[in-house]
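Each remark here refers to the structure printed beneath this line.
The values are calculated or read from the model by the stated rules, or taken from the named source; none is laboratory data. This one's a predicted model, so the numbers in the text were calculated from it and none came from an experiment. Counting neighbours? That spans all protein chains shown, and the Cβs are built from the backbone with ideal geometry, glycine included. Just so you know, the surface numbers come from the protein's heavy atoms only, side chains and all, with ligands and any DNA or RNA stripped out. Shrake-Rupley method; radii C 1.70, N 1.55, O 1.52, S 1.80 Å.
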2 protein chains.
Amino acid sequence: MTRARGITIKDVARRAGVSITAVSHALNDKGTLSAATREHIRTVADEMGYEADALARGLRRSTMGAIGLVLRSLDALGDYAPAGVDVFERFVGAAASQALARGLSLMLVPDLTRAPVPPLAFSLDGYIVTNPHVDDPVIARLEERGIPYVTYGRPPGRPDFTHWASEDDEDSARLVLNHLATAGARSVALVRGTDPNAWNLEHQEIYLGWCEERGSTPRLYELPERAGVEGGVALADRILDEGLPDAVFCLTGRHAAGVQRGLMARGVRVPAQTMVVAGSDSEHARNSRPAISALELNPVDSSAALLDILQSLIAGRPADAPRLTRARFRPRASTRR
Amino acid sequence: MTRARGITIKDVARRAGVSITAVSHALNDKGTLSAATREHIRTVADEMGYEADALARGLRRSTMGAIGLVLRSLDALGDYAPAGVDVFERFVGAAASQALARGLSLMLVPDLTRAPVPPLAFSLDGYIVTNPHVDDPVIARLEERGIPYVTYGRPPGRPDFTHWASEDDEDSARLVLNHLATAGARSVALVRGTDPNAWNLEHQEIYLGWCEERGSTPRLYELPERAGVEGGVALADRILDEGLPDAVFCLTGRHAAGVQRGLMARGVRVPAQTMVVAGSDSEHARNSRPAISALELNPVDSSAALLDILQSLIAGRPADAPRLTRARFRPRASTRR
DNA sequence: CTAGAAAGGTAAAACGTTTTATGCAATGCT
DNA sequence: AGCATTGCATAAAACGTTTTACCTTTCTAG
């Protein structure tokens, strides 16, 4: 498997009649070459279609032109190809799109804490980590190596860390809760996941705060992300047994779809008796009957913001961070009264 | 930006009291070291948490543990983050999943033919290219560099090339067409994309063959992939003006959704007067009213097959290829009579 | 007792860059 | 005239591996 390598700097140097140092300097705007030589070398290099080898370049501590993406949340889901889970699928696409538009390649990297670590993992210029946990070991590894990173969703328990971007959870959660209140809901139950990430933790905070403000008793349920729709169906029984709330706010679309199905299977009419709403849109939410109102997250803006920050970090510039993006609320039949 | 490198082979050698050659040999099962030394070195390396630097290793023409993914079809769509286009979104996820499960990282690489080429692009171990075109320049570049690759969908016009995997188009297209015939359709129109990939070309062949067998006059329409739903709406007018067929088979879900909407806007009743079916499922197909029957492609099995083949190629073993996977037909309201 | 092989190990070259240190003219200044 | 400065270019070191070639010992056979 000895690979046909491309044109090397040596080839260019020979053809241009200069040293390899001259070539390197000409192409990287370093050194003290005369404008004429520089130009000449560039022309020759172009003609020959020279492209510096990334590996050799990387070895000398330059930049690789590639960043890593760790989908922390997928580890939680236990499935790297979950059908219909909008955020992750779309986030990969959006992040790739943003990266490619900036001339960066995007590498999907599995859990960095499990051996064997993917070979290139620690050679990348930087990382995007989605939905980090409390004390996330992936982040610990990156810091240990001094690799710049940004997170999609703030890392919980790290008030000092600012290099993150996310939808404005406070804003959007209140949008949802107030929407429910306006529609006449007095008691609202929250169904969150068990993954200890900012998404789950912050929504819980906001929810509890909102309940307190309104003097209503919080009803909080935790359901593992990977339980999916079936888990939601099962949870519906419990919710029902403990007394039907006016509305159920599920943070994931799958849970929402399951809860609604479970409730309806027991004869509950949605939205007449109880409303259901999802904190992140997904195909399950859209395709349920009645269709479930949901927050549509904003992976495009978020990933753009993340790449802005990450590029600043890599360049050693101060970063404009954190950055908040706006989710859109999609009211649907499940909350229409 | 001088990065904190990890433990190097030199550190291990010093600690183990041997030469760096010894370390390299011990860890790679080369050379003529005694079993004892080998074991000792391994122990020391493990203790220190040594991981060979991928760049340095790659420089010596070894393997990188990473493969590239070129989403040819997205170039055609002109958008790297098309919402609701199942195959591509899900294929990325599925391919990533498969790659990660085999300890390979997956790198999303933009069009290799446009400068600047992403730095690491030509250093990867191999490539998956989705839906290559006739005379695809991306493939030309890979061959020029001697980089192994496999394709999702066979490369058109290359009967000799076998390193591909795909759903069985012949099988599934006939499934669709016969389903329509059974439901009473005599005249069926085909709407294909303009991208010259196997998907479009083969379906056209199969369709024409099927028409000929049944003695029905083919009605073939071409619509650019990027025209999307709107393009389908517009095309509906033309189809209608040329006489309503009993069924319209659109190769993409977006086109199907558009065509159906356009027909219905002009008063055509679906499925009563005309049935609509999509050759690849997508959210648009599922969410149209009536819901559009569609083929659900199989990115999971396909990407698994592709990785099998690619790994064989990289290892220099003969590959079991090509490999066909099965799509599932999802009958929905748009063809229910 | 010695030539040759086998066993066990290492030094050094190579991979393709970037970076640092150095060299050599030509020019400017007293 | 002599010395510092400037302008331009290059040699060589370094990055962290793998691989090739070579060097000791020790063993075996004659």
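Odds and ends about this structure:
- Karplus-derived HN-Hα couplings along region A:29-44 (A = 6.51, B = -1.76, C = 1.60, θ = phi - 60°), whole Hz, x at Gly and Pro: 6, 10, x, 10, 5, 6, 4, 5, 4, 3, 4, 4, 4, 4, 4, 4
- Plainly put, the tip 7 Å out from Cα toward Cβ on B:Arg337 is 4.6 nm from that tip on each other copy, the closest given first.
- B:Thr151 long-range amide H proximity, modeled H, under 5 Å: B:Val129, B:Trp164, B:Ala165
- Sorted from closest to farthest, the other copies place their B:Glu51 label points 2.6 nm away, with each point set 7 Å from Cα along Cα→Cβ.
- Accessible area expressed per residue, chain A, with surrounding protein chains retained (probe 1.4 Å, Å²): 41
- Dipole of the protein assembly as shown [Lys/Arg +1, Asp/Glu -1 at C-beta], most positive-end residue of A:Ser312, B:Asn200, A:Thr182: A:Ser312
- Estimated from helical segments only, the mean residue ellipticity of chain B at 222 nm is -13500 deg cm²/dmol, where each DSSP H run of four or more residues counts as -39500 (n - 2.57).
- Shown for chain B: the carbon plus sulfur share of the solvent-accessible area, taken with all protein chains present and a 1.4 angstrom probe, equals 50%.
- For B:Arg330, the residues whose amide H sits under 5 Å from its own are B:Ala294, B:Leu295, B:Glu296, ignoring neighbours fewer than 5 places away on the same chain, with H placed 1.01 Å from N.
- Alpha-carbon Rg with Dmax, taken over region B:9-59, Å: 10.2, 30
- Region B:172-277 - convex hull of alpha carbons, volume per residue in Å³: 81
- Straight Cα distances below 20 angstrom link A:Lys30 to the lysines A:Lys10, with same-chain residues fewer than 8 positions distant left out.
- Residue-level accessible surface for A:Lys30, protein heavy atoms, 1.4 Å, Å²: 120
- Estimated FRET transfer efficiency when R0 is 51 angstrom, pair A:Phe161-B:Arg174 (beta carbons, to 0.05): 0.35
- Loss of accessible area when B meets A, both sides summed, Å² nearest 100, probe 1.4 Å: 4800
- 5 angstrom amide H check on B:Arg219, placed H, neighbours 5+ away: B:Leu190
- Per residue of A:56-64, other chain Cβ atoms within 10 Å of the residue Cβ number 4 on average.
- Per-pair calculated FRET efficiency, R0 = 25 Å: A:Asp135 and B:Glu51 via Cβ, rounded to 0.05: 0.65
- Peptide-level mean, for B:99-107, of C-beta atoms on other protein chains within 10 Å: 6
- Using the Cβ-Cβ distance between A:Leu324 and B:Thr32 with R0 set to 60 Å, the FRET efficiency works out to roughly 0.45.
- Normalised radius of gyration (Cα atoms, divided by 2.2 N^0.38 Å) for the protein assembly as shown: 1.06.
- Teacher prompt: A:Arg238 distances to equivalent labels in other copies, 7 Å Cα→Cβ, nm: 5.6
- For region B:247-299 and region B:306-325, distance of Cα centres in Å: 35
- Karplus (6.51, -1.76, 1.60) ³J(HN,Hα), θ = phi - 60°, over region B:166-179, in Hz, Gly and Pro reported as x: 5, 5, 7, 4, 4, 4, 6, 5, 5, 3, 5, 4, 5, 4
- Stokes-Einstein diffusion coefficient of chain B, Kirkwood radius over Cα pairs, 10 °C, 1.306 mPa s, in µm²/s: 71
- Using a probe of 1.4 Å, the accessible surface attributed to B:Tyr50 totals some 50 Å² when neighbouring protein chains are kept in position.
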